[in-house]
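Asker: After the structure tokens below, expect a handful of questions from me.
The values are calculated or read from the model by the stated rules, or taken from the named source; none is laboratory data. Just so it is clear, the model here is predicted, and its values are computed rather than measured. All Cβ positions, glycine included, derive from the backbone under ideal geometry; neighbour counts span all protein chains shown. Protein only, heavy atoms only, side chains kept; ligands, DNA and RNA dropped before computing areas. Shrake-Rupley method; radii C 1.70, N 1.55, O 1.52, S 1.80 Å.
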Amino acid sequence: MLTDTTTTPVYELTKSDKKFVGWHILFAVAALTVGALFGPLQALQAAGIDLYPKIDFLFIEINGVNSYYQGLTLHGVLNALIWTTFFITGFTTLVVIRGLKRGLAIPILNRIGFWMMVAGLVTAAIPLLGNKASVLYTFYPPMQADTLFYIGLVLVVVGSWIEGYGFYITLWRWRKDNPDTRTPFIVLAVVINMVMWQIATLGVAAEILGLILPWALGWVDGIDPQLSRTFFWFTGHPLVYFWLLPAYASWYAMLPKQAGGKLFSDTLARLAFWLFLLLSIPLGFHHQFVDPGVPAGWKFIHSLLTFGVGFPSLLTLFTVVASLEYAARKRGGKGLFGWIRALPWGDGSVTAQLLAGILFIFGGIGGVANASYNVNLVLHNTAWVPGHFHLTVASAVTLSFFGISYWMVPHITGKPLWKPKWAVASSWIYFSGMLIFSNAMHTVGLLGAPRRTPLGLAPYVPAEWNGHLFRVAVGGSIMWIGLMLFVTIVAVTAFQRKRLPEGEYIDVPVAESLDDPQQAPVWLDRWKPWLIATVVLIILAYGPQLIDQILGIELTSPGFTN
Ligand code: HAS
Ligand code: CU
């Protein structure tokens, strides 16, 4: 809890560790701030209020931010890819050190990884700002960006792998010193996420190194868009769980403590994370239901597996809500639903995460609709899809990261949270904007409005879309206000002169479990069987199609640039 200040930390990170985590958060929040600028521009533009020319006037001479697609690319890359990856690696660093109660095994390795990510960000930023990489965050060939964009992405991914190696070695050394102790759940959770990410990103590595770079450099004349998309979604789907799982780690293992309770079941929590390792990757074809090059049978298998990966989220819904109910009843909460009021809604960190969870219930329901092969044909490539992912990555994940920041920034800087009441307000504002925005996007999508289209400039917009597009503009602008409030609060907190009073300390909230973790079954603390099963399932679900598509490769498509 924010107010849970203590004088005797269980284990304190060193100053240099805190600084290192701080660097991650600084870059993450900076990327979020710049990327989010384009959110209201797009939302207003949908309603016919085109502020882009005004931005041209202010910015263009320097940055050339002059097109909808450039803005949308900056928005997607900075918010969906950079804000998340930098925040997650920073949070993982803090959790591994605090959870294992020991420093990183080879700190220099993690530092190399981190600065490589920064180098990647800078490299990709050059063509992005110069309007030479306006290919959206999925960078589908045959749209072609400047080579620097791809090199930048490779550096970010490889940097995150190197940080991952640092975590594995640290955990491995801890294991050698503690052979009979169960891995602390919170550490297991974030490390499973890094391992999942490492396997998942092999797809995009194959895409960029094997297909895109030779083509962008002019070594080959064409590219195979179908094979590129298959490699891309091998990574692109698990990417969404890479974003989600750190938020889940916080909901399971931190939020209950902040709410004054305990984790309902350590065993169920572990099981959910292993299931995510197993099931996150082999289902990327649910993004390719309309791709002509993938046979229907494989789409069906991936559709089924997608319903499978919904299961650990349902486990999460059960366990996290049970943990919250336990906490609320301990605080005197009563009634079937009345206990919800007894949760500490005055704590900005808790409120952000509760609101994130509530929005995710709707995001999850939309996800299951997406995954249904036939329903997908109605909503694919419509505004419904950004409606869905704003409830997931921009709500479940981003709002949770707001909540985590509200204790983490005071923790790493030793400074008190600036305006705690505004922290509560920021999440409510963002949440209200999101309700309006996402509802309108889903609805207008079902009416046929395409995604990734400057609708404000389109001549074909039917009158029945107008009310919804207006709500998109209103909701999007409100979200931006909530987000800027968040940015202001964490920035002032970090850079103010005021420090926490002498002897006061804000600890990392780590919840105890109602069951004894030491009693968790051994198979929930062993990597080998889960890793083998994961690789086997990927080979079964992707192998035959990958072989077919690689054997049938056609490097026919030239690159298209704007
Ligand atoms: Fe998705 C498209 C299917 C989850 C992100 N998804 C996208 C895209 C993004 C994205 C970015 O099958 C667009 C990609 C693009 O640009 O083209 N998605 C799913 C399914 C799930 C799912 C089945 N998506 C996510 C998450 C994301 C994310 C998580 C980001 C973080 N998605 C799809 C499909 C498409 C798709 C298709 C392709 C669409 C197309 O045609 O293009 C599932 O994982 C969802 C399971 C979730 C649940 C909800 C559980 C609820 C919980 C809440 C607990 C509550 C609490 C609150 C804590 C079943 C855990 C308590 C509060 C109190 C007050 C008590
Ligand atoms: Cu997906």
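Asker: Can you tell me how many residues within the stretch 282-309 are within 22 Å of the chain's Cα centre (by Cα), within 16 Å of residue 227 (Cβ to Cβ) and more than 8 Å from ligand 1 (Cβ to nearest atom)?
Answerer: Of the residues in the stretch 282-309, 3 are within 22 Å of the chain's Cα centre (by Cα), within 16 Å of residue 227 (Cβ to Cβ) and more than 8 Å from ligand 1 (Cβ to nearest atom).
Asker: Going by the conditions given, is residue 280 out of contact with any Ser or Thr (no Cβ under 8 Å at 6 or more places or on another chain) and either within 16 Å of ligand 2 (Cβ to nearest atom) or not acidic (Asp, Glu) (or both)? Before you say what the answer is, go through the steps one by one.
Answerer: On the way: out of contact with any Ser or Thr (no Cβ under 8 Å at 6 or more places or on another chain): yes; either within 16 Å of ligand 2 (Cβ to nearest atom) or not acidic (Asp, Glu) (or both): yes.
Considered against the rule, which asks whether it is out of contact with any Ser or Thr (no Cβ under 8 Å at 6 or more places or on another chain) and either within 16 Å of ligand 2 (Cβ to nearest atom) or not acidic (Asp, Glu) (or both), residue 280 comes out as yes.
Asker: List pairs: first residue in the stretch 280-306 and over 25 Å from residue 530 (Cα atoms), second residue assigned to a loop (DSSP other than H, G, I, E, B) and within 11 Å of ligand 2 (Cβ to nearest atom) anywhere in the structure, Cβ distance under 9 angstrom, at least six positions apart or on different chains.
Answerer: Cβ pairs passing all conditions: 294/288.
Asker: Scan the stretch 487-502 and give yes if some residue there is in contact with a Phe, Trp or Tyr (Cβ under 6 Å, 6 or more places away or on another chain), open to solvent by less than 20 Å² (accessible area, probe 1.4 Å) and farther than 24 Å from residue 404 by Cβ, otherwise no.
Answerer: no
Asker: Tell me, yes or no, whether the stretch 212-225 has at least one residue that is within 10 Å of ligand 1 (Cβ to nearest atom), surrounded by fewer than 23 Cβ atoms within 10 Å (Cβ to Cβ) and part of a helix (DSSP H, G or I).
Answerer: No, the stretch 212-225 has no match at all.
Asker: So for the stretch 417-424 (the condition being in contact with a helix residue (DSSP H, G or I) (Cβ under 9 Å, 6 or more places away or on another chain) and on the phi > 0 side of the Ramachandran plot), does at least one residue qualify? Talk me through it step by step, then tell me what you get.
Answerer: Restricting attention to the stretch 417-424, the residues satisfying the condition of being in contact with a helix residue (DSSP H, G or I) (Cβ under 9 Å, 6 or more places away or on another chain) are 417-424.
Cutting the leftovers down to on the phi > 0 side of the Ramachandran plot gives us 419.
Within the stretch 417-424 (the criterion being in contact with a helix residue (DSSP H, G or I) (Cβ under 9 Å, 6 or more places away or on another chain) and on the phi > 0 side of the Ramachandran plot), the answer is yes, since at least one residue qualifies.
Asker: Which numbered condition in (1) closer than 18 Å to residue 312 by Cα; (2) crowded, with 20+ Cβ neighbours inside 10 Å is the only one that residue 368 fails?
Answerer: (2)
A quick yes/no check of all residues on (1) more than 15 Å from the chain's Cα centre (by Cα); (2) outside any helix (DSSP H, G or I):
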| site | (1), (2) |
| --- | --- |
| 396 | no, no |
| 403 | no, no |
| 415 | yes, yes |
| 418 | yes, yes |
| 421 | yes, no |
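Asker: Scan the stretch 130-146 and give yes if some residue there is assigned to a helix (DSSP H, G or I) and hydrophobic (A, V, I, L, M, F, W, C), otherwise no.
Answerer: Scanning the stretch 130-146, I find no residue that is assigned to a helix (DSSP H, G or I) and hydrophobic (A, V, I, L, M, F, W, C), so the answer is no.
Asker: Show me the helices (runs of 4 or more DSSP H) entirely contained within the stretch 1-84 in which 3 or more residues are modelled with pLDDT of 90 or more and open to solvent by less than 50 Å² (accessible area, probe 1.4 Å).
Answerer: By residue number, 15-46, 68-75.
Asker: Got at least one residue in the stretch 404-421 being buried (at least 18 other Cβ atoms within 10 Å of the Cβ), over 20 Å from residue 507 (Cα atoms) and more than 11 Å from ligand 1 (Cβ to nearest atom)?
Answerer: Among the residues of the stretch 404-421, not one is buried (at least 18 other Cβ atoms within 10 Å of the Cβ), over 20 Å from residue 507 (Cα atoms) and more than 11 Å from ligand 1 (Cβ to nearest atom), which makes the answer no.
Asker: Additional query: Go through (1) among the basic types (Lys, Arg); (2) within 27 Å of residue 189 (Cα to Cα); (3) within 10 Å of ligand 1 (Cβ to nearest atom) and name the single condition residue 341 misses.
Answerer: Going through (1) among the basic types (Lys, Arg); (2) within 27 Å of residue 189 (Cα to Cα); (3) within 10 Å of ligand 1 (Cβ to nearest atom) one by one, residue 341 breaks only (2).
Asker: Residue under question is residue 183, and the condition is that it be touching a Lys or Arg at 6+ places or on another chain (Cβ under 9 Å), in contact (Cβ under 8 Å) with a residue 40 or more places away in the chain, within 22 Å of residue 245 (Cα to Cα) and not in a helix (DSSP H, G or I); does it hold?
Answerer: Working: touching a Lys or Arg at 6+ places or on another chain (Cβ under 9 Å): yes; in contact (Cβ under 8 Å) with a residue 40 or more places away in the chain: yes; within 22 Å of residue 245 (Cα to Cα): yes; not in a helix (DSSP H, G or I): yes.
In short, yes.
Asker: Under 9 Å between Cβ atoms, at least 6 apart or on separate chains: pull out the pairs that start in the stretch 363-386 with a residue that is over 12 Å from residue 445 (Cβ atoms) and end on any residue that is polar (S, T, N, Q) and away from ligand 2 (no atom under 14 Å from the Cβ).
Answerer: 363/395; 363/438
Asker: Additional query: Residues to consider are 518, 545, 549; find the one that is farther than 30 Å from residue 22 by Cα, open to solvent by 70 Å² or more (accessible area, probe 1.4 Å) and in a helix (DSSP H, G or I).
Answerer: The unique qualifying residue is 518.
Asker: Let me ask something additional. Would a scan of the stretch 301-316 turn up a residue that is away from ligand 2 (no atom under 16 Å from the Cβ) and over 24 Å from residue 538 (Cβ atoms)?
Answerer: no
Asker: Could you give every pair whose Cβ atoms fall below 6 Å, whose first residue belongs to the stretch 233-247 and is more than 7 Å from ligand 1 (Cβ to nearest atom), and whose second residue is hydroxyl-bearing (Ser, Thr, Tyr), counting only separations of at least 6 or pairs across chains?
Answerer: Going by the 6 Å Cβ cut-off, the qualifying pairs are 235/201; 238/280; 247/400.
Asker: Pairs, please: C-beta under 7 Å, at least 6 apart or cross-chain, first residue within 18 Å of residue 87 (Cβ to Cβ) and in the stretch 478-489, second among the polar types (S, T, N, Q) and open to solvent by 10 Å² or more (accessible area, probe 1.4 Å)?
Answerer: The qualifying pairs are 487/33.
Asker: State whether the residues of the stretch 201-215 include one that is under 20 Å from the mean Cα position of the chain (by Cα), within 16 Å of ligand 2 (Cβ to nearest atom) and aliphatic (A, V, I, L, M).
Answerer: Checking the stretch 201-215: at least one residue is under 20 Å from the mean Cα position of the chain (by Cα), within 16 Å of ligand 2 (Cβ to nearest atom) and aliphatic (A, V, I, L, M).
Asker: When you look at residue 250, is it polar (S, T, N, Q), over 27 Å from residue 400 (Cα atoms) and open to solvent by less than 20 Å² (accessible area, probe 1.4 Å), yes or no?
Answerer: On the way: polar (S, T, N, Q): yes; over 27 Å from residue 400 (Cα atoms): no; open to solvent by less than 20 Å² (accessible area, probe 1.4 Å): yes.
The answer is no for residue 250.
Asker: Counting just the residues of the stretch 248-258 that are closer than 14 Å to residue 324 by Cα and within 16 Å of the chain's Cα centre (by Cα), which one comes out farthest from ligand 1 (Cβ to nearest atom)? Spell out how you get there, then give the answer.
Answerer: First, pick out the residues of the stretch 248-258 that are closer than 14 Å to residue 324 by Cα: 248, 250-258.
Still in the running and within 16 Å of the chain's Cα centre (by Cα): 248, 250-251.
On the way: 248: 7, 250: 10, 251: 5 Å.
Result: 250.
Asker: Here is a further query. Just checking, which of 311, 300 is open to solvent by 10 Å² or more (accessible area, probe 1.4 Å) and within 30 Å of residue 552 (Cβ to Cβ)?
Answerer: Selected residue: 300, the only one of 311, 300 that is open to solvent by 10 Å² or more (accessible area, probe 1.4 Å) and within 30 Å of residue 552 (Cβ to Cβ).
Asker: Quick check on the stretch 321-363: of everything there that is closer than 22 Å to residue 435 by Cα, among the hydrophobic types (A, V, I, L, M, F, W, C) and open to solvent by less than 40 Å² (accessible area, probe 1.4 Å), which residue is farthest from the chain's Cα centre (by Cα)?
Answerer: Checking each candidate, the answer is 343.
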